[in-house]
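*Asks:* Sending over a structure as structure tokens; questions will come in a sec.
Each value in this text was obtained by applying a stated rule to the coordinates, not by laboratory testing. In this text the structure is predicted, and so the values were computed from the model without any measurement. Virtual Cβ from ideal backbone geometry, glycine too; neighbours counted across all protein chains shown.
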Amino acid sequence: MTKKCEFLFILFSFFSVFTGCKEKCQNCPDCAIEEDIYDAVSEEVIEDFQDERDIQFEEVPGECNIPQVVCDSGLHAEYGICVPDSDVITIPSGTFTMGTSGGEDNPLHEVTLSSFEIDRFEITNRKYRACVEAGCCSAPQYDGSYTGREPYYGNPEYDDYPVIFVNWNQAMEYCSGLGKALPTEAQWEKAARGEDGRTYPWGESSPTSTNANFNSPIDGDTDRVGSRPAGDSPYGLSDMAGNVWEWVKDWYSKDYYLNSPANDPEGPENGVAKVARGGGFGSHSQEIRTYYRGSFHPEEAFSNLGFRCVKNQ
């Protein structure tokens, strides 16, 4: 992705600060630009942006062949590599408060969820590369990162950093190969905030560089997963605020919370954009709150967008 395209993302982010718009548009990762805001950007710039993001997807190889490995105690295999059992966290069943008081597209309501398992960390370059090498996943759309770390994907220096430039379908493909899925929006939010309705994964205190990788839209970039334990959620999940936005399973609908099921909601049956949660390295403090809803078109892939997986019990 070119710097021109990335600059447009930043421009949209600044619009969001001054307009208070919500994130539900197809052309920007950090805010929803209403039609009148689009009108402020020339048609020529929009056309250039759309041309530059038109990246051809790499086809998945014809055969998925996962290497068979035997892992030591305390480890389990994922796509032929051994990873710690502690990388997966069980979230107990129960009721929690979802949304926020006065929210336009996320009003406060109670949701009851069955228990599920979720990844402690965002899926890393190392884990995703194992899926690609097994022939089960297609490679990221681009192998660099926002600040020009090239290669980023495939470079051992960044093995433990979140994989980026994967679209929603690629993320689902990775999870489904492990018998998992992307988390529902409700699952993601409970894992991020617990049952006490907290604003941030760590509580109510304002975010800092100690607990979140955020608020760096100009010179920021991804960081090693789990490098800010002070920002962990009540269940011990890392980077649920900042670092990269995370795909979830649900379609986005502004009004979904008004009539969503009280038990194990899975989102609308259809839509235009998929929900993303958690904010990224360039997001401001509002966007990394546990209840904030972002959205992207499912075919889009960005330098600040990754994912993690869940397994229903």
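*Asks:* Restricted to segment 124-157, and to residues that are part of a helix (DSSP H, G or I) and either charged (D, E, K, R) or under 18 Å from the mean Cα position of the chain (by Cα) (or both), which residue is nearest to residue 63 (Cα to Cα)?
*Replies:* Initially, segment 124-157 is screened for residues part of a helix (DSSP H, G or I), giving 125-133, 156-157.
Okay, now just the ones that are also either charged (D, E, K, R) or under 18 Å from the mean Cα position of the chain (by Cα) (or both), so 125-129, 133, 157.
On the way: 125: 21, 126: 20, 127: 18, 128: 17, 129: 16, 133: 11, 157: 29 Å.
The selected residue is 133.
*Asks:* When you scan segment 208-218, do you find a residue that is part of a loop (DSSP other than H, G, I, E, B) and under 20 Å from residue 110 (Cα atoms), even just one? Break it down stepwise before answering.
*Replies:* Start the filter on segment 208-218 by keeping residues that are part of a loop (DSSP other than H, G, I, E, B), which leaves 208-212, 214-218.
Those still in the list that are under 20 Å from residue 110 (Cα atoms) too: none.
No.
*Asks:* Separate question: Quick one: how many residues across segment 124-146 are surrounded by 23 or more Cβ atoms within 10 Å (Cβ to Cβ) and of a type in the set (Phe, Trp, Tyr)?
*Replies:* Residues that pass the stated criteria total 2.
*Asks:* Examine segment 110-121 for a residue that is assigned to a strand (DSSP E or B), under 24 Å from residue 229 (Cα atoms) and touching a Gly at 6+ places or on another chain (Cβ under 7 Å), and state whether such a residue exists.
*Replies:* If we filter segment 110-121 for residues that are assigned to a strand (DSSP E or B), which is where we start, we get 110-113, 116-119.
Filter again for under 24 Å from residue 229 (Cα atoms), leaving 116-119.
If we keep only those that are touching a Gly at 6+ places or on another chain (Cβ under 7 Å) too, we end up with none.
Scanning segment 110-121 turns up no residue that is assigned to a strand (DSSP E or B), under 24 Å from residue 229 (Cα atoms) and touching a Gly at 6+ places or on another chain (Cβ under 7 Å).
*Asks:* Can you name every residue in segment 232-248 that is in contact (Cβ under 8 Å) with a residue 40 or more places away in the chain, in a loop (DSSP other than H, G, I, E, B) and within 14 Å of residue 121 (Cβ to Cβ)?
*Replies:* Looking only at segment 232-248, we keep the residues that are in contact (Cβ under 8 Å) with a residue 40 or more places away in the chain, and these are 233-248.
Filter once more, so that each one left must be in a loop (DSSP other than H, G, I, E, B): 233-241, 243-244.
233, 235, 236, 237, 238, 239, 240, 241, 243, 244, listed by residue number.
*Asks:* I would also like to ask the following. Return the pairs, sorted by first residue and then second, in which the second residue is surrounded by fewer than 20 Cβ atoms within 10 Å (Cβ to Cβ) and among the hydroxyl-bearing types (Ser, Thr, Tyr), the first residue lies in segment 107-120 and is more than 18 Å from residue 175 (Cα to Cα) and without any contact (Cβ under 8 Å) to a residue 60 or more places away in the chain, the beta carbons are less than 7 Å apart, and the residues are 6+ apart or on different chains.
*Replies:* 108/97; 108/100; 108/101
*Asks:* Across segment 79-116, what is the number of residues that are buried (at least 17 other Cβ atoms within 10 Å of the Cβ), polar (S, T, N, Q) and more than 14 Å from residue 195 (Cα to Cα)?
*Replies:* 1
*Asks:* Another one. Considering segment 63-105 alone, what residues qualify as being among the charged types (D, E, K, R) and either touching a residue at least 60 places away in the same chain (Cβ under 8 Å) or out of contact with any Lys or Arg (no Cβ under 8 Å at 6 or more places or on another chain) (or both)? Quick ask: steps written out before the conclusion?
*Replies:* First, the residues of segment 63-105 that are among the charged types (D, E, K, R): 63, 72, 78, 85, 87, 104-105.
Within segment 63-105, 63, 72, 78, 85, 104, 105 meet the criteria.
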